[in-house]
Structure formats: structure tokens, C-alpha cells
1. Collect the residues in segment 101-111 that are open to solvent by less than 30 Å² (accessible area, probe 1.4 Å) and at pLDDT below 95, keeping them in residue-number order.
2. Quick check: is even one residue across segment 320-335 free of Cβ contacts under 8 Å to residues at least 24 places away in the same chain, acidic (Asp, Glu) and open to solvent by less than 40 Å² (accessible area, probe 1.4 Å)?
3. Being open to solvent by 60 Å² or more (accessible area, probe 1.4 Å) and either free of Cβ contacts under 8 Å to residues at least 60 places away in the same chain or in a strand (DSSP E or B) (or both) is the filter here, so list the residues in segment 82-100 that pass it.
4. Tell me, yes or no, whether segment 138-150 has at least one residue that is closer than 30 Å to residue 303 by Cα and β-branched (Val, Ile, Thr).
5. For segment 206-220, which positions are of a type in the set (Val, Ile, Thr) and modelled with pLDDT of 95 or more?
6. Within segment 290-300, can one find any residue that is surrounded by fewer than 16 Cβ atoms within 10 Å (Cβ to Cβ) and within 14 Å of residue 174 (Cα to Cα)?
7. Just the residues that are of a type in the set (S, T, N, Q), part of a loop (DSSP other than H, G, I, E, B) and within 25 Å of residue 243 (Cβ to Cβ), please, taken from segment 349-386.
8. Taking segment 235-274 only, how many residues are open to solvent by 60 Å² or more (accessible area, probe 1.4 Å), part of a loop (DSSP other than H, G, I, E, B) and not small (Gly, Ala, Ser)?
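The values are calculated or read from the model by the stated rules, or taken from the named source; none is laboratory data. Just so it is clear, the structure is predicted and the values come from calculations on it, not from any experiment. Neighbour counts run over all protein chains shown; Cβ positions are idealised from the backbone, glycine included. Side chains included, ligands, DNA and RNA excluded: accessible areas come from the protein's heavy atoms. Shrake-Rupley method; radii C 1.70, N 1.55, O 1.52, S 1.80 Å.
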Amino acid sequence: DMNKYLLKYIAFCFIVMLLGSCNDSESDLLEPKVYFENKEYVIEVTDAEAMTHDLQARVSFLYSSSVEVFYEVADPSIVAAYNKKYGTEYETFEASNVKLGSGSSVVPDGQVYAEQVSLQFSNLKSIEEGKSYLLPVRIKSASLPIIEGRDIVYFVVTKPVRIMKVAKVYSNYIKVPLVPGTLFSSITYEALINVDWFGNNNTVMGCEGKLIFRIGDTPLVAANHLQIAGNKEFSVSQGLEEQKWYHVAFSYDQPTGKAVIYINGEKASEATWDTPNFDLTANAGGFFIGKVAGFMWGERPFYGQMSEVRLWNISRTENQIKQNMITVDPKSEGLAAYYKLNGTDQFQDGDTWKVKDASGHGMDGLVNGGRSALNIIDLDEPVTIK
């Protein structure tokens, strides 16, 4: 009957449409397109006034004709979008300090890579130590379609801080003057450490019995493994090495319950907690760096060097931690206390030795009970995280 033929006709049309869309999709996949192979490059500025880097796009596979590619420095709004997406804090590298070769190149017939274009960065001596800038370069157009999302390459321009003086904290310690009853909901601990030798329990920082960041707790935790302990605890499975610099961090994000230990900006271990807040003044004498002075069951000193010790009242993201291992802006949101431990931040308040809080919040640390200064040593080479 008529209805049966109508249904067959509709089914036939649907199959034709489906096959057509499959063919379109297949042809789209087989069509060569232009894109950047790498997403990001890091340029570490030295004392030079200018530096160059090669820029090179490619096609997805061999093409029978030459392909033209045109480049441009992308709009600064791209930097803001990048920071929002990845939780970074890059500043925009000034486009007037960039020279983009001829602005175009060609992928020769039968090849996949475009001829290299020279990207020159100038006025680099004006870059501040410790600052990081982002320059996005876009494929403006090409004689073939461009792969969306792979049309921008990011250049991170940074001038590393050279840390040449650090604190040797054998039997040295700092007490952080938190006001009794100060509560932390979300929190981050950070420090640069270099261990000379591992004891039974090496204190990095924190409040014993509440939230302490330490290395080892034998026999439960290996002597060279990082651990966060107190009301709750967990440790990492990888061991630290002696005489090697590490950036170590712990963060707790109260809204999500995520607790993470980082080593050199990478997640080393994580857990899920349900703690509403931490009182870091209510046990074992308060908050300490280097050892828990006067603790009844042992002071648990750290044996090695320390630098860049930070306490935050927010949970820093993985990208924020990774981007700011060697230094951080003292005015950063949520930075509660910051001790650079480079020797220039020590001072005497009357007869009392203290270390300056670089965050400007007045949390000047009490050094060795105020009786003596930190032992500051000179390094043969700057602190490097590898």
C-alpha cells in the first residue's frame, strides 16, 4: 500500500543522507591541513638584548603542490584566555618587541614542513628577573584549511631568578607568628629544599599534630619520602635524593576536598579529605619551619638547605605551583607568609633575630627563638630544578 512505499522511501533517503555525511567526514579527514606541531616553547632570557627563535608550521601529510602560510602575532586577549583556561599568570609580551621575519613561508611541493621564519625578541634586558611573559603567534591564513585549535603557538619568555644564597637549617628553625585561633580552610605549603641526609623525620613546615609537611616517618614512611600528617595523612611513593634541589608543595582545596602533594610542580600523590578548617596554632607550640622546637617527642630537624618557603590561605593550582617554583610575586592573592631565606631578609628587632615576611603582611618569623641568626651559605651554582 501507499504507506508501506512511503516508509521505504523515507528509509532510503535516510540511508543516502547518512552515507553522504560519512563520505563528507571521510573526505574531510583526508584533506591536508595546516597546523603547528608544537603548542609551546620556553625561552629563557640571559643577559642578551635580543634572541631569535624559528617559527615553522606544517601540513598534516604530503601534498602535491606548494602551500603558502601567513603568520601574525595574536591579539593580547589570547593571553588572558590562556591564563583563564590553564590557571597561569603570564603577562603579555609586548608585540612591539617582536619582529616576525617576512611574516610568511612556504611548504615546498612534496614536503610537510614549511620553511622556517625567524622570530626575533628584542629589548630583553628590560625584563624583570622572575617575570614570565606569553607571546601567542597565529597562523593568519594559508592556501589550505587550518586545523582549529592548533593554529596558535605560545612562546613563554622568562628571565629565571638566580638564587645564590640559601639557609642551611641544621638545628635552625623559624616560628611563624600566626595569631592564636587563626583558621585555614584551603591552604598551600611550598618550599625549595636540598637534603644533605635523611633522618627519621625531617620537618619542612607546619603545625605538628595538625598539618605538618615532612620527610619520612619510619618505619611507617620511608626516610626519604614526603608526607603530610596531622589530623589526616598520606605520603608519596617516590623517594627524594640527597644533595639535589626540589620544589615541594602541598595544597588542600576545602570546597572540593582535594589534597595534593607536588614534587617539582608535578602531582606526586593525592587524597580526598573532608576537613572544614585547620587551626595551625593549637598544637605543639605553633607553626614551625625546619624543626618542631621543644616538641616533647622529638624536634625532628631538617638536615639541609632551604629557600623560598611560602604559606598560602588558598589552594594554589598545579599550573600556578609549576610556574612559580623559583620565585613568586609577593603581592599574589592568598600569600599569607613568605620567607626567601637568602640572607638579605634577616634582621634584629632589638636583640631578637627575625626573618622578614616578603609578602608584606607582617608575619616576620622568629629565628631560633630570637637568640641567633639563620646560617646563610653561598652556592657555587644557582638553585636549579631538574
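1. 103
2. No, segment 320-335 has no match at all.
3. 84, 85, 91, 92, 94, 96, 99
4. So far as segment 138-150 goes, no, none of its residues is closer than 30 Å to residue 303 by Cα and β-branched (Val, Ile, Thr).
5. If the condition is that a residue be of a type in the set (Val, Ile, Thr) and modelled with pLDDT of 95 or more, then 212, 215 are the ones that fit.
6. Yes.
7. Scanning segment 349-386 gives a single hit, 384.
8. Residues that pass the stated criteria total 9.
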